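Derivation of every value follows stated rules applied to the coordinates shown; laboratory data play no part. These numbers come from a predicted model, not from an experiment. Positions of Cβ are backbone-derived with ideal geometry, glycine not excepted, and every protein chain shown enters the neighbour counts.
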Amino acid sequence: MKTILIPTDFTIESLNTVKGAFKRDSQEKVNLILLYAIGMSDSITDLLFFSKEKFIASQQSGKFAEAFQILQNTYDSQINSFRVELFSGYTQNAFANFLEANQVDEVFIPKDYTLKLQHKRSFNPLPFLKKCKLPKTEISWNEGPFVHEKDHVSELFLVSNHA
């Protein structure tokens with residue numbers, strides 16, 4: 001069973017990469033990891049009271065959770081497991097260790113989408129993803145005329161994918 005990694009910024013638009021990955025790779029069940037990159041605080045107090053689950057929940061809007069649930073139901077036959085992971089390293093070696101620890105087999109990257117970094121310590125993981133030694137697939141999707149639908153669940157159904 002293959003494990004795929006897809007970056008997210010917890011917006012509905014970023015889920016189009018997930019949709020594109022499942023449209024391209026429909027042969028086998030996969031373990032899906034959504035990646036969010038964030039630098040950790042230097043404060044010992046912050047680190048002691050940091051909770052990955054609480055942080056992820058604070059970043060996800062209800063709309064994002066609903067949109068992902070729709071995708072999960074749509075591609076249920078292709079999803080073995082799903083989880084969100086945080087990457088907090090700053091070097092390519094740290095990222096390679098992250099990929100190895102999570103047993104990632106392939107990376108899917110949004111081709112025409114720029115991640116929206118909303119947390120003050122978040123950073124763009126795309127340079128790490130593009131330099132990693134794993135197979136990479138760029139997913140191109142067209143935002144098209146549906147700009148008014150941004151951050152709406154219906155946006156997942158209106159955007160067309162181009163792999």
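Given the Cα-Cα distance of residue 40 and residue 77 and 0.36 nm per residue of separation, how much length would full extension add, in nm? Write out the running numbers ahead of the final one.
On the way: separation 37, 0.36 × 37 = 13.32 nm, distance 3.58 nm.
Length difference between fully extended and current span is 9.7 nm.
Pairs of alpha-carbon atoms within less than 8 angstrom and 6+ residues apart define the contacts here; what relative contact order does the range 2-162 have, in percent? If you can, show how the numbers build up before the last one.
Numbers: 246 pairs, mean separation 58.5, N = 161.
Relative contact order here is 36 percent.
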Identify the residues of the range 79-115 with backbone N under 15 Å of a label point that sits 7 angstrom from the Cα of residue 52 along the Cα-to-Cβ direction, or state none.
-> 82-89, 95, 97-104
What lysines could a cross-link reach from residue 29, if we take a straight Cα to Cα line under 22 Å and drop same-chain neighbours fewer than 8 places away?
-> 2, 19, 136
Partners for residue 54 among lysines (Cα-Cα distance below 24 Å; same-chain residues under 8 apart left out) = 63, 116, 120
Using Cα-only point scatterers and the Debye equation, what is log10 of I(q)/I(0) for the range 2-162 at each q in 0.17 Å⁻¹, rounded to two decimals?
-> -1.05
For residue 87, which sequence-distant residues (separation of 5 or more, or a different chain) have an amide H within less than 5 Å of its own amide H, given hydrogens modelled in the peptide plane?
-> 36, 37, 38
Whole-Hz ³J(HN,Hα) from phi, Karplus 6.51 cos²θ - 1.76 cosθ + 1.60, for the range 74-83, glycine and proline x = 5, 10, 3, 5, 9, 9, 7, 8, 9, 7
